[in-house]
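**Student:** For reference, the structure I am asking about is given below.
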Amino acid sequence: MQTIFVMVKCELGRAYQVADEAVDIEQVSEVHSISGQYDLMLKCYLDDGTDLGQFVVDTVQKLPGVKDTFTLIAFKAFA
């Protein structure tokens, strides 16, 4: 299992709509509104062997209202 965090910049006034769509994606476990350069942060769990870039491009970036993304790959979770 691979864990990634995808920060999403939304079109103005669309963050809540994007969040509502993102929570319905099977691989997305959490969606948080955040401050700073990005509007949302998605925590995603992907099966081993899944092409991370293709998931982001084909699934997250195609959500209506998404303007930009920034992806972080997590290596190890500490309790």
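Every read-out reported here was derived from the displayed coordinates using simple, explicitly stated rules and does not represent laboratory data. Predicted model only: the values in this text are computed from it and were never measured. Every residue, glycine among them, receives a Cβ derived from its backbone with ideal geometry; neighbour counts consider all protein chains shown.
**Student:** Cα-Cα pairs above 20 Å in the chain: how many percent?
**Tutor:** Numbers: 741 of 3081 pairs.
Value for the chain: 24 percent of Cα pairs lie more than 20 Å apart.
**Student:** Taking the Cβ-Cβ separation of Q37 and A74 as r and a Förster radius of 25 Å, what is the calculated FRET efficiency to the nearest 0.05?
**Tutor:** The formula returns an efficiency of 0.80 here.
**Student:** Further question on the same structure: How big is the dipole moment of the range 34-79 about its Cα centre under a simple scheme where the beta carbon of each Lys and Arg is +1, that of each Asp and Glu is -1, and everything else is neutral? Debye, nearest 20, please.
**Tutor:** 160
**Student:** Give the peptides 71-77, 43-49, 55-61 in descending order of average Cβ contacts within 10 Å, highest first.
**Tutor:** Ranked by mean Cβ neighbours within 10 Å, highest first: 55-61, 43-49, 71-77.
**Student:** Give me a comma-separated list of calculated 3J(HN,Hα) values for the range 61-75, in order, Karplus coefficients 6.51, -1.76, 1.60 applied at θ = phi - 60°, integers in Hz, x for any Gly or Pro.
**Tutor:** 5, 8, 5, x, x, 7, 9, 7, 9, 9, 10, 10, 9, 8, 9
**Student:** Let me ask you something else. Would you mind telling me which residue in L40, L52, L12 has the biggest mean-square fluctuation in a Gaussian network model of the chain, where springs connect alpha carbons within a distance under 10 angstrom?
**Tutor:** Per the Cα network of the chain with a 10 Å cutoff, L12 tops the list.
**Student:** Between E26 and E11, what is the label-to-label distance in nm when each label sits 7 Å out along the Cα-to-Cβ direction?
**Tutor:** 2.8
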